[in-house]
Amino acid sequence: MYANHRSGFKHPSVPASASQVPHYDESDYVDQQYNGYADEPAPTQAPVHQQRRQGAATQAPQQESKAANGAQGKYPEYFSIKIHGSKAALNFIPDITRKNFLTISIEAAEMLNPANRTYNWGNKTRIQLTRTEYLEVVAVLLGMGETCKAKFDNHGVQGGPKKGFQLEHQGRHVFFSVYENNKPVRAVPVPLMEAIQVAHMMISIYVENYPGITSDTVMTSLNQAIRKRDMESRKQS
């Protein structure tokens, strides 16, 4: 099984039509603060991870001693996929929820020193994907659907800062942003081929939750569901 891990923003308005979706870059998010949900009640989700050991603020993220390696040891110890941008970096880590659903967590850290490309992992934002979010993220990473974007705001423990993330497929990359109250938004354009790698990792983890299903089954059913949703959206527009 996977080892346990732990560690105001307002997105520009998005048109309803997929053909009118603007392309954002990191400069759209520089120095913005995520405070849009400060007055809302905090979600009741409890923290599901132990705090990982922290080194210096510039230290790259590391997992606990029992690394995420899958039910059959499919991933090596300390496996993750890191994406480094000019303003921030992302780290995609195999993880497990308190209810034993195999998932991933996303860590985001802002650039600390452009000269040597170090990132402030000591002040990272960490978000664990829920079961309902999981396939939506896979679909966007793979460019499935007419409106290829997703946004999830309801993260953060009760009494703690609100957190969220969003992603949008923009052709050559998937623009990813992670935000938390009173912290700058961490925005990273994930190159297309690396977005596919993250999606493949996620699918391989997902099937471990459902003995007997294959990645082909997941992709076929996800494609069908996305197509039907797009058809319903066209009818209502």
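How would you rank Leu90, Leu222, going from fewest to most other Cβ atoms within 10 Å of each one's own Cβ?
Taking fewest neighbouring Cβ atoms as first place, the list is Leu222, Leu90.
Which trypsin sites (Lys or Arg not before Pro) from the stretch 152-234 combine a DSSP loop assignment with at most 12 other Cβ atoms within 10 Å? Please list the in-between numbers first.
Working: sites: Lys162, Lys163, Arg172, Arg186, Arg227, Lys228, Arg229, Arg234; in loops: Lys162, Arg172.
Those that pass, being in a loop and sparsely packed, are Arg172.
Quick one: if the Förster radius is 41 Å, what FRET efficiency do Ser221 and Asn182 give, using the C-beta to C-beta distance and rounding to 0.05?
Working: r = 40 Å, r/R0 = 0.97.
Efficiency computed from Cβ-Cβ geometry: 0.55.
With Kirkwood's inverse mean 1/r over C-alpha pairs for Rh, give me the Rg to Rh ratio of the stretch 81-174, two decimals please. Display every interim value, and only then the final one.
Details: Rg = 14.3 Å, Rh = 14.5 Å.
Radius of gyration over Kirkwood radius for the stretch 81-174 works out to 0.98.
Answer with one residue from Gln128, Gly160, Thr147: the one whose Cα lies farthest towards the positive end of the charge dipole of the stretch 101-237, charges on Cβ with Lys, Arg +1 and Asp, Glu -1.
Working it through, the farthest residue towards the positive pole turns out to be Gly160.
So how do Met231, Met111 line up by other beta-carbon neighbours within 10 Å, fewest first?
If I rank by nearby Cβ atoms, fewest first, I get Met231, Met111.
Given +1 on the Cβ of Lys and Arg, -1 on the Cβ of Asp and Glu, and no further charges, what dipole in debye does the stretch 121-209 carry about its Cα centre, rounded to the nearest 20?
About 360 debye.
Each reported figure results from applying straightforward, stated rules to the coordinates on display, with no laboratory input. Since this is a predicted model, take the numbers as computed values, not measurements. Backbone-built Cβ (ideal geometry, glycine too); neighbour counts: all protein chains shown.
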